[in-house]
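Everything below concerns the one structure shown next.
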Amino acid sequence: MSINVIGIGLDGVVGLNESVRKIVERATVLVGSDRHLRYFPNHSAEIIVLEDILETIVEIRQHLDIPNSCIVVLTSGDPLFFGLGRLLVTHFPPEKLRFYPHLSSVQLAFSRLKIPWQDAKIISVHGRSMDELIQALQQGIEKIAVLTDHTHTPKAIASLLLSLDLPIDYHFWVCENIGSEDERVQQWSIDEAKQEIFAPLNVVVLLRQSKLANQSVNLANLPWLGIPDNYFFTYDDRPGLMTKREVRVLILAELGLQPGQIIWDIGAGSGSVSVEIARLFSDSTIYAIEKTAAGTSLIEENCRRFQVNNVVSIHGNAPDILHHLRPPHRIFIGGSSGKLRKILGVCGMRMLPGGMIVLAFTSLENLHTALSWAEERKKSDRSWNYRLLQVQLSRSIPIANLTRFTPLNPVNIMIISS
């Protein structure tokens, strides 16, 4: 005897093809939730209501050895797509199982949006934590479909998006009762989604949007120190690749900035550190050195966005390009592309007396390289010193009706002074 696991949609019996319908008609044991069983109110089979899954599996096993029994398990959509099938294959031999999938809710959702979904990230928060969703949002995944539950609702997901302070925007779609007569597929703003009450059966689809270069910023509403991350233009494929606000503020403090200085920002990325310095000290000159054309373009866009004109964006490779710049009072090194020792060598030669170098590392290897260089420098000139900070920060995020902390990547900061 075999167990026939049949996927069914919100359109009920009419959504089943004839051959699958006949299997259901022949069933001697019909298993399903109250909602699924209501599609077959007059069925003559023995009914097992799916409540406690493990108890139901025991009951199915008792019927499996009865001669001429036909067991049918009704489940939503595709049983092997975040469904009951995943549990059944762990409790029954594969040869005892036959699967008849229906269209999944995610398939239907993307078809309604008319968007290809082969590259989408599918995440279930149904009875699970939102950790995987948080990671996907922080990575800036382009297309995300979220299977929700009564706790992790569209409202909870909207609150999460707002709290993460992402440097990118997502269009927020909710597909309710998908496949039924009362389905609703609609895009919502984050604020609207936080107020709306949605049907229990829904799929949230998040579609990443690029910020437009001509989007304006009300500079009067910005703090003078610590611009929120989501105000900066960032890499579309790596939105999290920037010096985070909390770390950025600490770096600015450790640089010991003063008016009228020359500053090098080496490995400037999207230019967040350069922009912060430029806004604080309009009479200083900041050289933002970035090896990628995409990064250089982002730096220039961010300078226009924040209306700073004292940042000189330089597309070039350090350390070679450093020989052509004015000697600096302060240096920040955020990226080195494997050339850290050579970069520090040039910085040590060209930095003005009383200058300071601040470095931010995420890898222990770069920290070891910088420590080795600084120790050698101290041996030849006792006026050089260094100290280290390890920064481990967490931000609060809402999880349903609760609040918890999610960590940022640890950062090692080294301050070298002459």
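The values are calculated or read from the model by the stated rules, or taken from the named source; none is laboratory data. The shown structure was predicted, so the numbers you read here are calculated from the model rather than taken from an experiment. Please note: Cβ atoms are built from the backbone with ideal geometry, for glycine as well, and neighbour counts cover all protein chains shown. Note: accessible area is taken over every heavy atom of the protein model, side chains too, but ligands, DNA and RNA are not part of it. Shrake-Rupley method; radii C 1.70, N 1.55, O 1.52, S 1.80 Å.
Counting only DSSP beta bridges with both residues in the chain, the antiparallel share comes to about 50 percent.
Each DSSP beta bridge with both residues in the range 106-209 is either parallel or antiparallel, and the antiparallel ones are about 80%. The fraction of accessible area contributed by carbon and sulfur in the chain is 51 percent, rounded to a whole number (1.4 Å probe; ligands and nucleic acids excluded). Solvent-accessible surface of the range 215-417, averaged per residue with a 1.4 angstrom probe and all protein chains in place: 47 square angstrom.
With K and R counted +1 and D and E -1, the other residues having a Cβ less than 15 Å from that of Q307 yield a net charge of 0.
Using 0.36 nm per residue and subtracting the Cα-Cα separation, the extra length available between D381 and S417 on full extension is 11.8 nm. Computed from the C-beta positions of H91 and E196 and an R0 of 45 Å, the FRET efficiency is 0.70 to the nearest 0.05. Charge tally for I178 (other residues, Cβ to Cβ under 15 Å; Lys, Arg +1; Asp, Glu -1): -2. Here the simple spin-label model places points 7 Å from the Cα toward Cβ, and for L402 and H43 these points are separated by 3.7 nm.
The packing ranking of peptides 227-235, 162-170, highest mean first, is 227-235, 162-170, where packing means the average number of other beta carbon atoms within 10 angstrom of each residue. Size descriptors for the range 106-209 (Cα atoms only): Rg and Dmax, in that order, 12.4, 38 Å. For E46, the accessible area of its heavy atoms, probed at 1.4 Å with every protein chain present, is near 90 square angstrom. With a 1.4 Å probe rolled over the protein heavy atoms of all chains, the accessible area of L402, L161, L10 falls in the order L402, L10, L161, largest first.
Once the C-beta distance of E25 and H324 is scaled by a Förster radius of 60 Å, the resulting FRET efficiency is 0.15 to the nearest 0.05.
Think of each Lys and Arg Cβ as +1 and each Asp and Glu Cβ as -1; about the Cα centre, that makes the dipole of the chain roughly 1620 debye. If you take every residue apart from D119 with its C-beta less than 12 Å away from the C-beta of D119, what net charge results, scoring Lys and Arg +1 and Asp and Glu -1? In short, +2. Where only DSSP H runs of four or more residues are counted, the chain gives -9000 deg cm²/dmol as its mean residue ellipticity at 222 nm, each run worth -39500 (n - 2.57). Of all lysines in the structure, those lying under 26 Å Cα to Cα from K379, and not within fewer than 8 positions of it along the same chain, are K339, K342.
In this view, the solvent-accessible surface of K291, computed with a 1.4 Å probe and all protein chains in place, comes to about 110 Å². Once the Cα-Cα distance is subtracted from the 0.36 nm per residue extended length, the I66 to H315 segment shows a gain of 82.1 nm.
Rolled with a 1.4 Å probe across the full set of protein chains, the surface gives L219 an accessible area near 50 Å².
Would you calculate the volume per residue, in Å³, of the smallest convex hull containing every Cα atom of the range 215-417? Here the figure is 128 Å³ per residue. For the set K143/K194; K22/K114; K96/K121; K114/K194; K244/K378, the pairs lying more than 27 angstrom apart at their alpha carbons are K22/K114; K96/K121; K244/K378.
Net length available on complete extension from N17 to D169 is 50.6 nm, with 0.36 nm assigned per residue and the Cα-Cα distance removed. Could you work out how far the C-alpha centroid of the range 1-66 sits from that of the range 356-418, in angstrom? A separation of 59 Å, based on Cα centres. Where both bridge residues fall in the range 215-417, DSSP classifies roughly 50% of the beta bridges as antiparallel.
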